[in-house]
Structures are given as C-alpha cells and as structure tokens.
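As structure tokens, the structure follows; a few thoughts come after it.
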Amino acid sequence: MAAPALAPGELLEVVVNEINETRNTMKKAFSNLYLALSLCVSVATAAVLTGCTGTRYERSTGEYIDDKSLNSRVKTALADNPDYKFADVNVTSFKGTVQLSGFVNAGEQKRMAGNIAERVHGVKNVENNITVKEKL
C-alpha cells in the first residue's frame, strides 16, 4: 500500500515538525546529561577535599608527602656530616616533627645529630631519642 501523497506545503510542515521534535528531545537529553555531570563533579570534589584533610592524629596526603621529603633531607644531612657517620640513627617525621632514634657511641654524637636535624629546612621540632651506647 502506498503512502498518501502530500502537497509540498504539507510535506514541509511534517519535516519541520519532525526536526523540532528531534531538537526538543536532544535539548532534554543534553540538559539531563549536564545535570548528571554537574552532580558527579560536585560529589567528586567533596570526596577529594574531605579525603585529603588531616586530623590531629592523621596526616593529609600533602603532609605525608612533605614528611617523606623531610625524612630524606634529614637523612642526607646526617650522612653528609664529615665528623660522624650516623648509620645507626633512624629518622621519622610526622607533620614536620622529626624523631631521631637509634644508637651512637658518644653523647656528642647525639647532640650533633639533633643540631643537624634542627637546621634542615622544614623541620618544626626535633625529638632526639637517640641512645648512647654504654662503654664496656
């Protein structure tokens, strides 16, 4: 069965109506997509911001990276000392506070290690828990 013939004006009207319907459908789809993306970005931003904040007992991601860098700088400063080698000294840091632990042969070495650590850029405080070995 053949479709009924339309006059040129009627055909144009049908095509324009189809185009307008398609345009409206696309506008709604893009509007919904934009809304969904906006919500996703908002949720992701909130998750990132709350996931990166530190508390009194936990470090943020940035503080963790800073502490790793600080450990490296303090260890390098101790290794570069020409008078003493601090092979048995451990370095840890938390939010800029450096803790020295381990063993040295003399009290002067303990004091020197603390002084070296205090002079490293980024160190806020030094807890010198190095133990002086007893002489037998």
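So here's what we get for this one:
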read-out	value
Test: LYS133 is out of contact with any Asp or Glu (no Cβ under 6 Å at 6 or more places or on another chain), of a type outside the set (A, V, I, L, M), under 22 Å from TYR57 (Cα atoms) and surrounded by fewer than 16 Cβ atoms within 10 Å (Cβ to Cβ)	no
Pair list, Cβ under 8 Å, 6 or more apart: the stretch 82-96 residue over 15 Å from ARG111 (Cα atoms), other residue modelled with pLDDT under 85	PHE94/ARG59; LYS95/GLY54; LYS95/ARG59
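The values are calculated or read from the model by the stated rules, or taken from the named source; none is laboratory data. Values in this document were obtained by computation on a predicted structure and should not be read as measured data. Here the Cβ is made from the backbone with ideal geometry for all residues, glycine too, and neighbour counts use every protein chain on show.
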